[in-house]
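To keep things clear, I will list the structure first and then write my remarks on it.
The values are calculated or read from the model by the stated rules, or taken from the named source; none is laboratory data. None of the values given here were measured: they were computed from a predicted structure. Glycine also receives a Cβ, built like all others from the backbone with ideal geometry; neighbour counts cover every protein chain displayed. The area values use the complete protein model at the heavy-atom level, side chains included, leaving out ligands, DNA and RNA. Shrake-Rupley method; radii C 1.70, N 1.55, O 1.52, S 1.80 Å.
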Amino acid sequence: MFPGPLGIALSGKALAKGLWSLDVADIRDAAEDRHRSVDDTPAGGGPGMVMRADIVARALDRAAAPDDPRPRLLMSPRGRPLRQDFVRDLAAGPGAVIVCGRFEGVDERVIEGRGLTEVSVGDYVLSGGEPAALVLLDAVVRLLPGVMGKTESGTEESFEAGLLEYPHYTRPQVWEERTIPEVLTSGDHGRIARWRREAAERLTAERRPDLWTDYQARRRADETNRPRRSRSRD
């Protein structure tokens, strides 16, 4: 499953250039029986199976020493939401050790004992943590230095300023009687910037009221904390 889609396009080229690296370990290699079992029935009963703490811990300990500075993440639907600010922190950090769970989940004791931070890519359930890990890695890799052609590409996107991204247009000028907004072809960079900001704010307010509420709160806080200019008297 790895590198999968990370082996093509921007992330794939960056991987070939050595701008980032990926080491994959099979948790079954840490099993000790001939069936390479990694799971067992849940304590207290119930459906499905649970990944064993001892085996997951053994796999983790082989992958990273106790003093390894990389954060240890577990892809989990009950984890903290994967947001752009967290992605930026990971991109600026030393890397990450990512555990991809399966079955009903992972024994809580290894989550606590190995300091795993649970991360969720959405309010839904996948068959395993691998697709979620690919999402996280793709989001992080594209922010690494040298991966994207222009640094501006990563600063004017959805969530970077707490807003959804503004609409995009390109040629032809007219398509099915729909035209590009005049302001975008005016050459007036000030007007264009205002239009894009207003469009981003409108889309965010309409489609993501949760983001809009946070954005407004941050703006109010910035205005409150902004130093006021003192007026001098003659």
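Within the chain, the longest run free of exposed loop sites, counting GluC sites (Glu not before Pro) that sit outside DSSP helix and strand states (H, G, I, E, B) and have at most 16 other Cβ atoms within 10 Å, spans 33-103.
If you line up the long axis of helix 53-63 against the longest principal axis of the chain, both from Cα atoms, how many degrees apart are they, to the nearest 10? Orientation of helix 53-63: about 60 degrees from the principal axis. Loop-resident trypsin sites (Lys or Arg not before Pro) (DSSP state other than H, G, I, E or B) in region 99-179 with no more than 13 further Cβ atoms inside 10 Å of their Cβ: K150. Using the 1.4 Å probe convention, the accessible area of the chain works out to 68 Å² per residue with neighbouring protein chains retained.
Measuring with a 1.4 angstrom probe and ignoring ligands and nucleic acids, H168 comes out at about 120 Å² accessible.
Quick check on region 107-225: what are the equivalent-ellipsoid semi-axes from the Cα gyration tensor, as sqrt(5λ), descending, whole Å?
Details: eigenvalues 253, 83, 49 Å².
They are 36, 20, 16 Å, listed from largest to smallest.
Sorted largest first, the principal axis extents computed over the alpha-carbon atoms of the chain equal 80, 53, 37 Å. The residues neighbouring G101, those whose beta-carbon lies less than 11 Å from its own, together hold a net charge of -3 under the Lys/Arg +1, Asp/Glu -1 convention. Extending 7 Å from Cα along the Cβ direction at E176 and again at R194 yields two label points whose distance is 3.2 nm.
When you restrict to C-alpha pairs under 8 Å that are six or more residues apart and normalise by the size of region 54-158, the relative contact order lands at 34 percent. The accessible surface of the chain, taken with every protein chain in place and a 1.4 Å probe, is 49 percent carbon and sulfur.
Amide H contacts of M75: V99, G101, V119, each under 5 Å away and 5 or more positions distant or on a separate chain (H built 1.01 Å from N in the peptide plane; Pro and chain starts excluded). To the nearest ten degrees, helix 189-207 and the longest principal axis of the Cα atoms of the chain are 50 degrees apart.
D by Stokes-Einstein for region 34-163, Kirkwood Rh over Cα pairs, 25 °C, 0.890 mPa s: 152 µm²/s.
The angle separating the long axis of helix 130-141 from the principal Cα axis of greatest extent in the chain is about 40 degrees. Which of these, T213, T204, T117, has the largest mean-square fluctuation under a Gaussian network model of the chain (Cα springs below 10 Å)? The residue that fluctuates most here is T213. Pairs of alpha carbons in region 5-101 separated by more than 17 Å make up 65% of all such pairs.
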